[in-house]
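To start, the structure under review is shown below, and the notes come after it.
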Amino acid sequence: MPDLLIELRSEEIPARMQRKAAGDLRKMVTDALVEAGLPYEGAREYWTPRRLALDIRGVPARSKDVVEERKGPRTDAPQKAIEGFLRGAGLSSIEEAETRSDPKKGDFYVAVVKKPGRTAEAVVAEALPAIIRDFPWPKSMRWGAASRQPGSLRWVRPLQSIVCTFGPETEEPVVVEFVVGDLKAGNATKGHRFHAPQEFTVRRFEDYADKLAKAHVVLDAERRKEMIRHDAENLAFARGLEVVPDEGLLEEVSGLVEWPVTLMGTFEEAYLELPPEVVQLTIRANQKCFVTRPHGGGNGRLSNHFILVSNIEAKDGGAEIARGNGKVVRARLSDALYFWQTDQGDLPDLPALEASAASLGLDLKKPLDQRMAKLDALGVTFHAKIGTQGERVRRIAALAEQIAPVVGADPALAGRAALLAKADLTTEMVGEFPELQGLMGRYYAGLQGEHPSVQAAVEEHYKPLGPSDRVPTDKVAVAVALADKLDTLVAFWAIDEKPTGSKDPYALRRAALGVIRLVLENGLRVDFLDVIRNHHALNLDDKAKGASQVEVSVGDVRHFQSHVDLLSFFLDRLKVQLRESGARHDLVDAVLTDTSDDLLDITRRVEALGAFLDSEDGKNLLAGYRRAANILAAEEKKGTTIAEAVDLGLLSEPEEKALAGAIDRAEVELDEALGTENYAHAMAALAKLRAPVDAFFDKVLVNAEDEGVRANRLALLTRIREATLKVADFSRVAG
Amino acid sequence: MPDLLPQMDPKRSFQGLILTLQRYWADYGCVILQPYDMEVGAGTFHPATTLRALGPKRWNAAYVQPSRRPKDGRYGENPNRLQHYYQFQVILKPNPSNLQELYLGSLAAIGVDPLVHDIRFVEDDWESPTLGAWGLGWECWCDGMEVSQFTYFQQVCGIECAPVAGELTYGLERLAMYVQNVDNVYDLNFNGREGDEKVTYGEVFLQAEQEYSRFNFEFADTAILHRHFDEAEKECAALLAAGAPDEPGALHRCVLPAYDQCIKASHVFNLLDARGVISVTERQSYILRVRSLAKACGEAFLLTDAGGASPQDAAA
């Protein structure tokens, strides 16, 4: 069967868009084929910086004829209905319709519409212009003289030529003719911009890929990646080095070249004084080059050789290219070194920082302290309604000190760390590379001799940044990380800026999840409602505090509702977190009580309850509970009398006596186990109820004839419910 | 091209580089303009680009534009950063379909061989919030160094470009440092002579860099600057109002002088920014104020002859 070849050649497509665009093209074209009744055998897409290509195999030359029947109105239907039928079926007169009979319906019209099959060429010629016009580029543009007119063709960058050929292996393929914008589809394309600028014609995919390869274009991106990876490793290996792996960069670089030629450049070893992260980021972000390190890892140290990927086979073997790139890398590293050294020196205008330093308790002899004083003195806004960064840091520091004892951290260290945590925002290095925030703070904190826990906290207080990010374990870091996130949440709740639907511009869900992971993974007991309330009152609500140095423009209403609301936001996030970790999130509601605000406790209850409900005893007890609850609900509805308490004297059957005794014992055990938060014991105590409950339902008739006996037995059922309620509200267990 | 004196070789002299580019684009058919006589942050601000990018008329121009970025001042101590530097600007409306080839031809003209040097078009979406302008294009890299910006204007002064113009901006000092192979901008050979006759970039501009850095960061009177900003903003609006068409269909009579005031406001804003007296929140509002001036000027320009309006058509 014939094959279809499509190439859309344009000016340079942004690397990050190529892969998806090629996939979109495949999907849109194959969908159009299938829709038109042209199933295909296989399709594969390709991309380079200058082209999207599509190779579709085994497309039928023609779609099958289709006969459609359309039922019409009865032959004696009003003229209007018949006219409508003719219009809908595309018939010009009623003579073209057939008449059929049906015992129920009588005589009625049927339009038999024959749709002759179409050639694949016609289908493609019709589909492609629409696909090109509606292509889902993230951002597209108009160009050239045609852009005078509204509605002119858009593409990611100017589209230069279109190849579209179709034909079986054994024959010369034909050009599928269509026009879009100023472009006419044909069979001509061009190779590498510099090595093979002449136009050439292509027939089918093999011929196309072959000629492109001769014209210095490696069509397959995976192949380009492998070439780069292989050559880079060889270049590094020859010098006793290894390439620091960077898949994201490899993907990007493979989208910047059609003919990858890998080269090695160098810079002065003096620049290795910089933190390796800075060297890598400078070289990666600005120059899109790979860094190398001594073979075997180098203990975090890099080498002064880097790998660059060029797009040409240079006449001089790449000497000029390597030299030029080295020059740019050196200039960038020299900037970075300047930032690194400047950040370790004094700021020029120290006297202007004294007020801030005094109010924050900073030591202006230390560079990072100066940067924090500057952050405060600049009055940089954090959020218009919440206040400045300086105010925020004060709040975080106060909260970190307050939380410190709860997490087992030294309050003084926590306060100090919180005070320095945001200081690197005003360093030159973070100004240039915002993604290094935290990390640079840690380096600078280390250089001025801060306590190791303070250093760790300065770096890690942003963590965890997502579900897969590491959770800090240093206690001081935990305190500051919690304080940072809680402050953000309380502050945004106070001004009623909460996430809605897919909108969460301040990443508040992430902050809440961060808090949850910090608490659970470090096994922390925190009374959240207290913390939220206190933080709000002491640090955010200046009205409540009277004259305060912390001026925050939050409303002056009592914020109780917002606190409860924030707590329930936490609980919702906890459910999400439990669901994602494979736990039973439906059990959260079951274990919650009016006063639950301890996430760790809630989680432990959920875990124990989940394990119990998975056991044989648990399943049966749940069934017994439900039976009891259903009976009680039905009787309560009927208004049947239920005794206030179980009267032991009215118990006659051995099974009901046994159950009453079992409940008494279980309750004692439950109280003891719950008192010591030993949830495994609590579940074991509950488990002991299973046999007596089963036996009770097996042998004892609740609906006894004697009203007193019945009321007493119902009271016994109430006690089953009460006993289980000590652990969880079983009525909220799903399933 | 007729033979040039050896000192005019773009690889030997800064001015040779400029003249070669001018010659190349003159040969293509551009009008070669001289720099606009006002302080601007980039060649794009020249009315030959900002305003002429609007409207339906054909327009091909090239010019050098001294550009001022007060914040980039380094007191002459940084080998790569200047608060005053030259851009070479080319604007072709509508963009010809071979604009990339034309650009590469200009690099060849200054001696950059694309089979020795690695020339690349790397994604760069250009946006000027103050001009209400955006376009798609690339940074053009030569051996990893960004030497030009290449943009297809989609919108200018908040107005859709119809047709689209192609804009090329060459960073002349960078390009010259590259072709002359020097590491410090102040070491560039300006006139291509050697020995006593040689004039370096530093001899021409180092003192200015030092003095303007002091002015930009320390001496500029911020109260005066604030006043200048307000006055320019007021004057721009007043001129646009004064020249507005007096009857429906008539032409606007005073756009270019109004646009000068917009340029002025923009530069004053950059100076205030360098002096560090604009807070983060204020910054946004200043940008918006300049943008609304640019927008008003762009709209008025469409009511002029150069903007493609014709009073006869309107009357008919």
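The values are calculated or read from the model by the stated rules, or taken from the named source; none is laboratory data. Everything quoted here is computed from the prediction, not taken from an experiment. Cβ sites come from the backbone with ideal geometry, for glycine too, and all protein chains shown count toward neighbours.
Worth pointing out:
- For segment B:184-204, filtered to residues that are aromatic (F, W, Y) and in contact with a strand residue (DSSP E or B) (Cβ under 7 Å, 6 or more places away or on another chain), the residue that is farthest from B:L17 (Cα to Cα) is B:Y186.
- When the residues of segment B:117-137 are filtered to those that are surrounded by 20 or more Cβ atoms within 10 Å (Cβ to Cβ) and β-branched (V, I, T), the one that is farthest from the other protein chains (Cβ to nearest Cβ) is B:T130.
- Identity of the residue in segment A:377-390, within 11 Å of another protein chain (Cβ to nearest Cβ) and modelled with pLDDT of 85 or more, that ends up nearest to the chain's Cα centre (by Cα): A:Q389
- Among the candidates A:G265, A:G240, residue that is of a type outside the set (D, E) and in contact (Cβ under 8 Å) with a residue 60 or more places away in the chain: A:G265
- Check on A:G708, free of Cβ contacts under 8 Å to residues at least 40 places away in the same chain and either exposed (fewer than 15 other Cβ atoms within 10 Å of the Cβ) or farther than 30 Å from A:V588 by Cα (or both): no
- Qualifying positions in segment B:61-104 - within 12 Å of chain A (Cβ to nearest Cβ), within 30 Å of B:C161 (Cα to Cα) and not in a strand (DSSP E or B): B:P94, B:N95, B:P96, B:S97, B:N98, B:L99, B:Q100, B:E101, B:Y103, B:L104
- Matching residues, segment B:138-151, being more than 12 Å from B:L107 (Cβ to Cβ), more than 8 Å from chain A (Cβ to nearest Cβ) and not polar (S, T, N, Q): B:E139, B:E146
- When each of A:E171, A:E206, A:E222, A:E177 is tested for being farther than 25 Å from B:H117 by Cβ, in contact (Cβ under 8 Å) with a residue 40 or more places away in the chain and either out of contact with any Phe, Trp or Tyr (no Cβ under 6 Å at 6 or more places or on another chain) or more than 14 Å from chain B (Cβ to nearest Cβ) (or both), the lone residue that passes is A:E177.
- Residue list for segment A:123-151, restricted to those being facing chain B (nearest Cβ under 7 Å), surrounded by fewer than 17 Cβ atoms within 10 Å (Cβ to Cβ) and in a loop (DSSP other than H, G, I, E, B): A:K139
- Of the helices (runs of 4 or more DSSP H) lying entirely inside segment A:247-346, the ones with 2 or more residues being within 12 Å of chain B (Cβ to nearest Cβ) are found at A:247-254, A:319-343.
- Here A:D601 does not fit the description of being over 30 Å from A:V564 (Cα atoms), of a type in the set (D, E) and under 42 Å from the mean Cα position of the chain (by Cα).
- Output for segment A:347-376, where each listed residue is among the hydrophobic types (A, V, I, L, M, F, W, C) and within 39 Å of the chain's Cα centre (by Cα): A:L360, A:L362, A:L368, A:M372, A:A373, A:L375
- Residues that are farther than 14 Å from A:A418 by Cβ and modelled with pLDDT of 95 or more were ranked within segment A:443-470; the one that is surrounded by the most Cβ atoms within 10 Å (Cβ to Cβ) is A:Y444.
- Subset tally (residues that are at pLDDT below 90 and either hydrophobic (A, V, I, L, M, F, W, C) or in contact with a His (Cβ under 6 Å, 6 or more places away or on another chain) (or both)) for segment A:646-669: 4
- Per-region count, segment A:22-78, residues in contact (Cβ under 8 Å) with a residue 60 or more places away in the chain, of a type in the set (D, E) and in contact with an Asp or Glu (Cβ under 8 Å, 6 or more places away or on another chain): 1
- Of the numbered criteria (1) within 21 Å of A:V279 (Cβ to Cβ); (2) without any contact (Cβ under 8 Å) to a residue 12 or more places away in the chain; (3) more than 14 Å from every other protein chain (Cβ to nearest Cβ), the one A:K365 fails is (1).
- Scanning segment B:235-291 for residues that are of a type in the set (V, I, T), in contact with a Ser or Thr (Cβ under 6 Å, 6 or more places away or on another chain) and in a loop (DSSP other than H, G, I, E, B), we see that the one that is farthest from the other protein chains (Cβ to nearest Cβ) is B:V255.
- When each of A:R470, A:R442, A:R533, A:R510 is tested for being closer than 30 Å to A:K365 by Cβ, without any contact (Cβ under 8 Å) to a residue 60 or more places away in the chain and not hydrophobic (A, V, I, L, M, F, W, C), the lone residue that passes is A:R442.
- Set A:A22, A:A81: member being touching a Gly at 6+ places or on another chain (Cβ under 9 Å) and part of a helix (DSSP H, G or I): A:A81
- Residue check for A:E635: in contact (Cβ under 8 Å) with a residue 24 or more places away in the chain, out of contact with any Gly (no Cβ under 8 Å at 6 or more places or on another chain), buried (at least 17 other Cβ atoms within 10 Å of the Cβ) and of a type in the set (D, E, K, R): yes
- Hey, A:G186 in contact (Cβ under 8 Å) with a residue 24 or more places away in the chain and on the phi > 0 side of the Ramachandran plot or not: no
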